[in-house]
């Protein structure tokens, strides 16, 4: 059974849903080893000092930032720890936006949020609310020691978390020389545009991801199997991941009360002095 990356909480408002962050992708790349062409023996890479050529043990290796060619500032473990986010094992939804509001270029890597024990009600509440409202949540998530921007969205019975790129990571297309203007600017005749539209319509179909496969990997795998067979050996290529089954459970958290309190905080209607925040209840 697949292991969670972490087990923590998905929170929005005062609602806190225990979840496990599971991988949403699997690597299908073929792994190669580098061999010495003369005797077919594996090549080993060593960590060596660039000046002395001597091998450096892991315990003697430190991290540094090269701010100029050949000039470095050493970054200690304490420096990295101080820059790391304070919260761990949590998905903090900060806002909700329309499901089509985010440019697809921002989306990077998907994960699956799996509800914890007795957390199904809170999980389904958020999932169905997002479906009905046609919204996705914009959240902060910590994976290992780094904080990421992410989107939480419903997908069938699941809540999927997709890591997002920050705006600074995207290249604005205006930086490139692109053909601006309409079709008429480039002497594209109405007939040409109509025929191109007709061609697109004739090629249109419903999106079915199962129709697409990594043909390069398939062909290369067949070559590898033939080479192995020539040696009188056999091998198995595992293409399917293990499926995890989750049981059902019930809970007794008062969601109406928590939702009302969350709405009250957002509305800011109360004129009473703010009280110290109480710990969130698990959903």
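A few points about this structure:
- Shape metrics for the range 13-78, restricted to C-alpha atoms - Rg then Dmax, Å: 21.3, 65
- Averaged over residues, the count of other Cβ atoms within 10 Å places the peptides 34-41, 94-101, 212-219, 107-114 in the sequence 107-114, 94-101, 212-219, 34-41, highest first.
- Note on the range 92-139: Rg/Rh from C-alpha atoms, Kirkwood Rh, equals 0.99.
- Sorted largest first, extent of the range 142-228 alpha carbons per principal axis (Å): 53, 45, 33
- Debye-sum result for the range 45-158 in log10 I(q)/I(0), which assumes one identical scatterer on each alpha carbon, at q = 0.14, 0.23 Å⁻¹: -0.77, -1.37
- Inter-probe distance in nm under a simple model that places probes 7 Å from Cα toward Cβ, at residue 73 and residue 234: 6.0 nm
- Cβ-derived FRET efficiency at R0 22 Å, residue 214 paired with residue 3, nearest 0.05: 0.30
- Over the range 37-121, Cα pairs under 8 Å with separation of 6+ residues give a relative contact order of 11 percent.
- Where labels lie 7 Å past Cα in the beta-carbon direction, separation of residue 175 and residue 82 in nm: 3.1 nm
- Cα extents of the range 106-184 along the three principal axes, largest first (Å): 59, 36, 14
- Subtracting the Cα-Cα distance of residue 226 and residue 100 from 0.36 nm times their residue separation leaves 40.7 nm of extension gain.
- Extension gain, residue 45-residue 60: 0.36 nm per intervening residue step, less the Cα-Cα distance, totals 3.7 nm.
- Cα centroid separation, the range 195-213 to the range 1-70 (Å): 39 Å
Bear in mind these aren't lab numbers, they're just calculated from the coordinates by the rules spelled out. Note that the structure is predicted; figures quoted are calculated from it, not measured. All Cβ positions, even for glycine, are placed from backbone atoms using ideal geometry, and neighbour counts span all protein chains on display.
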